[in-house]
Structures are given as structure tokens and as C-alpha cells.
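These notes concern the structure reproduced below.
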Amino acid sequence: MSAPSGAARRAGGALLGLWYMLTVLFLFAPIVTSIVYSFNLGSLNKQTSAFTGWTLAWFADAWNNNSLRHAVEISLTASFWSAIVAVILGTCLGFALVRHPRPLVRRLLSGLTYILLIVPETVIGVSLLLFYAVTRIRLGMPTLVAGITPLAIAVTALIVRAGVLTLDRRLEDAAADLGAVRWKALWFVVLPHLAPAVLAAALMSYVFSFDNLVISSFLTTPSISTLPVYLYGSLQYGPSPAVYAAATSVFIFTIVLVALAGLLYRVVLRRGPRPVRPR
Amino acid sequence: MLHFRNGQISRRSLLQLMAAAPAAAGLSQLLPTAANAAGALNIFSWPDYFSTDDLAAYAKKSGVTPNIATYNDDGALFSKLNSPAGAGFDIVIPSSGWIQQLAAKNLLAPLDHSKIDFSALDPSLLNRDYDPGNKYSIPKDWGLLGVVYDPDAVGGEIKTWQDFFDAGAKPNVSGKVRLTKDAGETVGPALWLAGKDWNTATADDIRGTADFLKGFAKHVKTFAGFDPAALASGAIVLAQANQSAARGAIQQNPKLKWVVPGPHSEIWVDSYAIAAQAENSDQAYDFLNFFLSPDIQVKETEYIGYPAAIAGLQGKLSSDTKNADLIFGGAGVDFASLTSFIVNPDTIDVYQEVQNEVQAAAGA
Amino acid sequence: MADSTNSLVSKPAGRSPAAGRALDHLLAALPALWLLVVFVAPLGFTLVFSFGHSSFGGIKLGFTLDNYAQALSGFYLESFLRTIQFAVSGCILCLLVAYPAALFIARQPPTRRTPLLLLVLVPYFTSFLIRVMSWQIILARGGPAEFALNLLHLLNGPLDVLDTQTAVFIGLVYAYLPIAVVPIYLVLARIPQPLIEASRDLGGSALQTFWHVILPLSRPGLATAALLTGVPMLGELVIPVLLGGDKGVLMGMAISQQYLATQNYALGSAMAVLVLIAVAVMVALLVRLTRGFEEISA
């Protein structure tokens, strides 16, 4: 590595680092703002742009607001289940999109995946409402989860597919040559390599499911209402800082959960995974 | 269940462990919920439309904690109730405009007047054209369509809708105007200036306002929800708004002025109604009677900032309520000149078309 | 593409190729069946309604092309074209911001990558709407952004970016950034280091290595990111309203209004079907043109 290109590479690396930092700042700015403003006194029980004073009252208010608290609980639960379904089905789909032996099937699956992204949410929402009405299925948590999984599955499938495309096919061939049954080859050889993609997709599915607004608003029932629906409705007459307090609580809760998970992961699996020995 | 592979906890079983807690919570949601032993009450409303204290007081008195689900659009309320999947709601809070259509589709239950105490309500809010005889609805709170503006930027006072439109074209004001997103409230002022009534206007009348409004659109900065901060900071100097939103803006910037322009304007009334398929009607009437008592209504008004529909409310508000008169639209409102919009299937699509074209023209 | 079952056929060790194929079919069938029930079947309703006669809040089944005629009328067509332009711009902007960030993370030693990636994803653990509402606070006149820009002398005087297209694009990039970063990063992280070193050993500068080696190899990631950002942007409802002043009517809002405000399910369905067809065609063309989905062979 000659000196000039080394310097150029270092400069490039520094620029990239700067870009990354600016990006992170950009991403965190609204988070910090929303956390700070959940302590804002506001004006006439509504949130204000200018900071009017510090108070902790909104957290208590949010907790006592049954409707808001319930919406948060439902949102957390529904998006958790949706993420589980999306990860399982999305990984299968993402893998099949690349590895299914018949090109026609791959093309059909591709089309299906794209349609999941293309169809406007209002259309899906109304269609689902009418569909459940005709089929006499009662609305509830299962129908809510079912309604928001398609988007999550599409996201997961495409991310996993990007991951599968970078796989070395010879890995699977080698596993087969060593006598592994196909499903074992997939489970023990391919899946660990796909793990970063799958985990990233799981996180994204959870996030997108949590934030789902339009479809959820069609599938709400007296006992099932979600936080985004509540938030968007509060824009009609002006949100109060209580919803900011609720969002801050959710944020802290999720961070703690993910941090705990990461900690557990690292503490228990202190050593790297041992190579699988052929039987 | 942990299982060990090569002497370590496998990754997969760890994930299973972590999933256990929320899964337990999740599972309970999947089980069919039995109705509460003490009875239930399901309400479909805008968010934050009932004060937490009053709901708690009701729960204490009756033993029933109402479930309040929220919607974010009048049309969504209609769609939800219109589908068999909308079963399960007892009390709904439609806006005055949609009551006729909801009733036409038999989605609302006729009220049993013997079970409700109307005596405390303001008579001028009862028996209005959107629901004659209050067959289906009880007024909850009301609002006016008016204009809040910065008199210095506008350079004078606004008394009529013509003044409003003229002001919007002025150099200091153009580009800092807010129109509402509601098709009726955008087209209405133009219709009123042409001497028409927005409930009897024909499709041609409505279409006729399009050119004028599209010409005005280039002065408009936003159609989105009213933001008091924008008016406080001067980003917007002329805005259509309801009186409570204006009150919020004036609270932050006292030099702003509010007016309900002539020759006509709107009064809307968000109302209590009982869904046709309500399963807890008795509980619903119990709730309504509790909430319609003057003491509760005073507290509701102070909480949500919109005037409840009881008689003599203004005198009953506590004296430290800021800008209390603005809650009622301020002084000098000619209530006789106010009308409520009623959604009419024959014209609503034309209204919406004009609204879309105006919004598109603003963004061009 | 080589049939993945070939290698099994030539092996003496036990398993029949049929079992392998059964697994492939299962992997395809499971999600397909689920989606058929919860997504495709309801969509069938939409298709049927699009040919029906509109009535307020209901549908009279029948066969008419009136809805399609109306949906193809001048106003909606303009709206559709504007939406495409909007989504393409937003998508390109988003990718431009995401790529360097993803590249930075991918260049780090493996142990550092996860926390760096997580840092990009952590903001998304809180409600999207609250974050957009917070952008309203940040970008407001007299708000923190104005303060910071004035401090840095990048701006003199009030900040008037709220309720403009600029604010909308800021919000759009903000919203779709993680979904763009993740697939790009995943592909970049898999580019074998020996390839990069070989390029340098052969005398390539950093820029040349990037342009001739890294960028082409990251095509699948870019294509995935483009799809995951550009297509949903076509239906974007919230950001143009909250940050853009709800000016200009985009397709998502136009269709939504047909269903909610005008209760015209027939017209809304026709518009949805048209959007579906048009976008499907565009995506198919994009895939064909860029051939961005081909495998990397190491």
C-alpha cells in the first residue's frame, strides 16, 4: 500500500465517518426532541412548539388515560406477534425467492412480494374490513395481526433475499456432499449465515408493525386500538404532551428490552459458536 | 426450554426464552375476552375527548370502566359502523354532518328520550336541522368556523369572507394562509359569498366556485391540522380555524384576532349517539346521564377546550379559565347566521373534487 | 441457474431429491398460503368492486368501466404522475444518504458493526408519528433548527421550511433511512475483503476500487433498498400532511379520500387497481433494466 493511496483511503474513511455521525445526529434529533417535549407544560392541555415549562405530570396523565395506555399495550403486543409471523414466513419467502428450483414459482412469488408493497394501505384496510364482514370473522387481535403482517413479510422477504443473494452456493453444495439432509443443511449451515439479515429484518418488521397506521385504523374494535391510530386522531384537535410521554415510555421500554436481550446474548454465548461436526 | 448444544445454550433456545414474557402477555390477548362481570361500555370517539378525571369518577360510581377506542377521521367512523365488523360499539361520537347518513343506513339507534335528561342542555343546540327532534343524537360540544389573523400583517379588520379572501392576496399575507382540509369549509365561504346555501347548492353551484378557489390556492401555505405555534411565530398570519384552536393561538400570541366572518358561517356539533347494534344500551344511557350533568360538563369543557352543550355554561366556568369568552366564539357572534354542513351523497363527491383541485393547485 | 438439487442426485448418501424439493415447495407454500388468505383474497374484493356501480358507502355489484374512466381522468392522472416523480426523488435522496453510512459501517471490524448498525436502528423504537410530529417542532419558526442554523451562520433570520416540499423530503429521507441502510449494509458487508485488496494490489486508488469493485457488487443491496423505499413512498400519506401542509394531492391521499370522505368504494378500487398495474409494470421494467437481482458469484 503506497503512501498516496493510503492517505486517500484514510481521508475517504474520515469523510465516511463524518457522514455517519451526521446521519446519527439527524436520526436522533426528533427522538431527543420528543423526549424533552414530553416534559413540556404546553398550553391549555395541548402541546406547544415553544417550551413553556417543565413538568412530570404528563407521564401520570398518560398512565391514567386508560384509552391511551391500552392502545400502547395493544400496539406492543400486536407488533410483537406480527414480527414473529413475519420473520418465519418472510424468511421462508425470501429464501424461496432465490432458491426455489422452478423459475415460474420464483417469478410468481416475486410478483406477490412486490404487490404487498405496492397496494395502498387504505385499499387493504377497506378490503379486509369487507372481507371479514362477509366471512363473518370477528375482529380482534388475530385479525389485527393478520392485517399488518403482509407488509412486514414483504420487508423481511426482501431483506433476507438480499442476504441469500450474497451466500456462497457452494456452502449448501458442500453440506450436501458431506451427506447432510437438505433441511439440516439449511438449518445448520445457511441460517447462521443469514442470521444478520434475519435479525435485522425481525427488528424492521417489529418497527413497521408497531407504526402501522392506516390498516390498523380499519381493524380497531372497542377493545383493540393502537397507538398510531390514537396519535393520528389526536392531531385533529391538537395532541397533548401526554402522548409524547407515552411515546417516551415506549421508547425506553423497547431500548431496555433490546439491551437486555443483547446482554443476555453476549453473556451466555461468550464464546463463539463451535463448528458443527459432521455425524 | 433450554437445550444445550456442544455445552452451550443454543442461540435459538435463548430467543425462545426472551420471547416468553411478551408471549405470555400476547397469548392472553388471543383468548376470547369474556365480558366484564360488572358490565361493559364501549365508546368510539376522537382521542382525548373525555377528561381522565371524569372517566375515573364514572368508573368509581358505576363500577364500569368504559373502553374507548379512537378513530381519526369522520369517514373512518362511517366505514367502521357501516360494516358488520363495526359491531360492539355502544356509544359513538359522530359529527353533526354525518348523523343523517348514519341514520339513513340504520347505523344509529333512535334515542329513548324518556331515559335521558335533556333539561340541562342549551335549547338552541337542540332540534337542529341535522337531526330534527334529536332523534339520534345528543349534542356533546360544538365549534364555529372562523378566522384567526394577525391584524398588523393583514392591515385591518376582517368582517366578511370577502375580506378574508382579499386579505389572503395581500403581499404580506400571501403564502402564509391556512385553509382547512374539510371540503365543506373550503367551498362553503365561496358559496356563501355567492348567496348560496351549502346544503342546497347544486353540483353546478359547487363546481362554479372551483376557479375562484383555485386562484386563491396559490396564497395558501397549509391545509393540515391547525397549529397554534405557526400562528404564534408568524409563519401563518391568516387562518381558517375553530374558536378553540384560535383560543390556543391567541393564548400564545395575544395580538392575534378572531372573528366569525359574515354573511354566514358554520357551527358543527359533535354529538353522542348510540350505535344500532349496541349491546350495552342500559349502560350507555347510564353513562350519558352521568356525563350530561352540568358539573361534569363544566369540567369537560375546561379539559378539552370545546364548549359543552349545556345551558348557561359560560357563567359556570371557573373564573381563572383563560380567555373563557373565546371558548364560545367571543363577543358579537350572530348565531342565527350559522349553519351546519350535512353530508349529502349527491354532492359530497363534487365538494371533494373541488377540495382536491384546490389542494393540488396550492402544491403546484 | 443451476438446479440446487443436482448435487444431491449424484450423492450416494441416502436422501432422495424429492425430499429436498418438498422442502423448497414448503418454503414457498407456507408464506404463499398465509398471504393468499389474509391479503390476496381481500384484494379480490377490490378488483370486483372496481367494476361495480358506486353508491355512497356501499357497492352495487355489476359491470361497468365508468370507474376506470373517471380514474384515468386528467386530475387523477396528473396526481399519479406527480406521485411517481415524488417517490423517485425521495428514493434517490434516501439512497444517497444511506449508502455512505452503510459503507462506513461495513468497513468497520466485525465486532464494531453491530452496535454501529443498532445506533441507526434505535431511533425507530419509538412511534413514527411522534417523531414526525417532533420534526414539526424542530423545523418550526423559532424552533431548534432555526436556532442552530443561525448559530452556525448558515442562515440569517427566520426558518420557513415547514409546510414546504423541502420539509417533506427531509421527513421522507428520515422515515425511510433505516430500511435503505439495512439491505445496502448487508450486501456491502459480504463483499469479500480479498477482492478489495486485490484491487488495491493491482494499483487501484480508493476511488477506483469503490467505483469499479464495491459499487457494482452492491447492486443487489441498492436494488432492494430502492424497492423498499421507492414503492411505499408512492402510498405515503402522513409526511406530506404533517410536514408539507397537505398541498398537492398524492395518490395515497386521493385513494384514501375516495374510501373515507366520499365513501365511493368503486372509484377508490378502480384507482387502486390502476395504481397496482402501473407500478407493477414499472417495477418489472426496473428489474429487467438493472438486472440488479442477479446473484453474486464469489
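So the values come out like this:
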read-out	value
In the stretch B:67-79, the residues that are in contact (Cβ under 8 Å) with a residue 24 or more places away in the chain and either in a strand (DSSP E or B) or surrounded by 24 or more Cβ atoms within 10 Å (Cβ to Cβ) (or both)	B:Asn67, B:Ile68, B:Ala69, B:Thr70, B:Tyr71, B:Leu77, B:Phe78
Of the criteria (1) part of a helix (DSSP H, G or I); (2) over 21 Å from the mean Cα position of the chain (by Cα), which one A:Leu167 fails	(1)
Yes/no for B:Ala273 being assigned by TED's automatic domain parsing to the domain that holds B:Pro123 and out of contact with any Lys or Arg (no Cβ under 7 Å at 6 or more places or on another chain)	yes
Selection within the stretch A:101-114 - at the interface with chain C (Cβ under 7 Å from one of its Cβ atoms) and crowded, with 20+ Cβ neighbours inside 10 Å	A:Leu109, A:Leu112, A:Tyr114
Residue that is surrounded by the fewest Cβ atoms within 10 Å (Cβ to Cβ) [pool: residues in the stretch B:80-96 that are assigned to a loop (DSSP other than H, G, I, E, B) and more than 10 Å from chain C (Cβ to nearest Cβ)]	B:Ala87
Test: residue in the stretch B:97-114 that is assigned to a strand (DSSP E or B) and in contact with a Leu (Cβ under 8 Å, 6 or more places away or on another chain)	yes
Residue within the stretch C:102-122 that is assigned to a helix (DSSP H, G or I), among the hydrophobic types (A, V, I, L, M, F, W, C), facing chain A (nearest Cβ under 9 Å) and farther than 30 Å from A:Gly262 by Cα present	no
Residues being within 13 Å of chain A (Cβ to nearest Cβ) and modelled with pLDDT under 90 - total across the stretch C:164-179	2
Residues being assigned to a loop (DSSP other than H, G, I, E, B) and of a type in the set (Phe, Trp, Tyr) - total across the stretch B:313-364	2
Checklist (1) out of contact with any Asp or Glu (no Cβ under 9 Å at 6 or more places or on another chain); (2) closer than 22 Å to A:Val250 by Cβ applied to A:Ser79, failing item	(1)
Residue in the stretch A:142-163 that is under 24 Å from the mean Cα position of the chain (by Cα), outside any helix (DSSP H, G or I), within 11 Å of chain B (Cβ to nearest Cβ) and crowded, with 24+ Cβ neighbours inside 10 Å present	no
Of the criteria (1) crowded, with 23+ Cβ neighbours inside 10 Å; (2) out of contact with any helix residue (DSSP H, G or I) (no Cβ under 7 Å at 6 or more places or on another chain), which one A:Val32 fails	(1)
Residue identified as within 18 Å of the chain's Cα centre (by Cα) and buried (at least 24 other Cβ atoms within 10 Å of the Cβ) among A:Ala78, A:Ala96	A:Ala78
Hits in the stretch A:179-203 (condition: at the interface with chain C (Cβ under 10 Å from one of its Cβ atoms) and under 21 Å from C:Tyr124 (Cα atoms))	A:Pro196, A:Ala197, A:Leu199, A:Ala200, A:Ala201, A:Leu203
Among the candidates B:Ile206, B:Ile158, B:Ile138, residue that is of a type outside the set (Ser, Thr, Tyr), in contact (Cβ under 8 Å) with a residue 12 or more places away in the chain and in the same structural domain as B:Ala308 (by TED's automatic domain parsing)	B:Ile138
Identity of the residue in the stretch B:336-364, closer than 22 Å to B:Pro139 by Cα and out of contact with any strand residue (DSSP E or B) (no Cβ under 7 Å at 6 or more places or on another chain), that ends up surrounded by the most Cβ atoms within 10 Å (Cβ to Cβ)	B:Val343
Subset of the stretch C:31-69 (residues that are within 14 Å of chain B (Cβ to nearest Cβ), under 30 Å from the mean Cα position of the chain (by Cα) and either surrounded by fewer than 21 Cβ atoms within 10 Å (Cβ to Cβ) or closer than 30 Å to A:Ser82 by Cβ (or both))	C:Pro42, C:Phe45, C:Phe49
Residue that is farthest from the other protein chains (Cβ to nearest Cβ) [pool: residues in the stretch C:234-256 that are in a helix (DSSP H, G or I) and out of contact with any helix residue (DSSP H, G or I) (no Cβ under 6 Å at 6 or more places or on another chain)]	C:Met253
Sole exception among (1) at pLDDT below 85; (2) within 12 Å of chain B (Cβ to nearest Cβ) for C:Glu197, by number	(2)
Unmet requirement for A:Gly238, which otherwise passes all of (1) among the small types (Gly, Ala, Ser); (2) more than 11 Å from chain B (Cβ to nearest Cβ); (3) on the phi > 0 side of the Ramachandran plot	(2)
Test for A:Ser240: is it in contact (Cβ under 8 Å) with a residue 12 or more places away in the chain and small (Gly, Ala, Ser)	yes
Count of residues meeting criterion [in contact with a helix residue (DSSP H, G or I) (Cβ under 7 Å, 6 or more places away or on another chain), crowded, with 21+ Cβ neighbours inside 10 Å and outside any strand (DSSP E or B)] in the stretch B:145-160	2
The stretch A:48-97, subset among the small types (Gly, Ala, Ser) and free of Cβ contacts under 8 Å to residues at least 40 places away in the same chain, residue farthest from the other protein chains (Cβ to nearest Cβ)	A:Gly53
Among (1) more than 7 Å from every other protein chain (Cβ to nearest Cβ); (2) of a type in the set (S, T, N, Q); (3) closer than 30 Å to B:Ala76 by Cβ; (4) within 26 Å of the chain's Cα centre (by Cα), the one test that A:Thr135 misses	(4)
Some residue of the stretch A:30-43 being assigned to a helix (DSSP H, G or I), within 14 Å of chain B (Cβ to nearest Cβ) and out of contact with any Leu (no Cβ under 6 Å at 6 or more places or on another chain)	yes
Checking B:Lys316 against (1) away from chain C (no Cβ under 14 Å); (2) buried (at least 17 other Cβ atoms within 10 Å of the Cβ); (3) touching a helix residue (DSSP H, G or I) at 6+ places or on another chain (Cβ under 6 Å), the condition it does not meet	(2)
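Conditions (1) under 27 Å from A:Ser79 (Cα atoms); (2) touching a residue at least 12 places away in the same chain (Cβ under 8 Å), marked per residue:
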position: C:Phe49; (1), (2): no, yes
position: C:Ser73; (1), (2): no, no
position: C:Ile105; (1), (2): no, yes
position: C:Val120; (1), (2): yes, yes
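The values are calculated or read from the model by the stated rules, or taken from the named source; none is laboratory data. Here the structure is a predicted model, which is why all the values come from computation and not from measurement. As a convention, Cβ positions derive from the backbone with ideal geometry for all residues, glycine included, and neighbour counts pool all protein chains shown.
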